[in-house]
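Down below is the structure, laid out as structure tokens.
The values are calculated or read from the model by the stated rules, or taken from the named source; none is laboratory data. Everything numeric in this text was worked out from a predicted model, so none of it was measured. Cβ: placed from backbone, ideal geometry, glycine included. Neighbour counts: every protein chain shown.
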Amino acid sequence: MTNQLFTTKDAAQFLGVSKAFLERDRWAGARIPFIKVGSRAVRYRLSDLNEYVNKQVRLSTSEVA
């Protein structure tokens, strides 16, 4: 099974957030899993992005995450 890898820019666009949001997430402890390729390149698996989105589903605005 192949799993598409997204750049930070592409992952941000997929999630509808800024690149800075993902960069802060990595710095703060990474709620969204990422992959380091080499010493600098960061990639996100499509399956991890979809899993993150699915975990964000709420039934009420007052529901605690």
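For this structure, a couple of remarks:
- Residues in segment 26-63 that are surrounded by 13 or more Cβ atoms within 10 Å (Cβ to Cβ) and either of a type in the set (Ser, Thr, Tyr) or on the phi > 0 side of the Ramachandran plot (or both): TYR44, TYR52.
- Residues of segment 2-13 satisfying the condition of being over 9 Å from the mean Cα position of the chain (by Cα) and either surrounded by 13 or more Cβ atoms within 10 Å (Cβ to Cβ) or farther than 15 Å from GLU51 by Cβ (or both): THR2, LEU5, PHE6, THR7, LYS9, ASP10, GLN13
- Taking every residue in segment 34-59 that is at pLDDT below 90 and pairing it with any residue that is part of a helix (DSSP H, G or I) and surrounded by fewer than 13 Cβ atoms within 10 Å (Cβ to Cβ), at least 6 positions away or on another chain, yields no pair with a Cβ-Cβ distance below 6 Å.
- Considering segment 14-25, and only residues there that are out of contact with any helix residue (DSSP H, G or I) (no Cβ under 9 Å at 6 or more places or on another chain) and exposed (fewer than 14 other Cβ atoms within 10 Å of the Cβ), the residue that is nearest to ASP48 (Cα to Cα) turns out to be GLY16.
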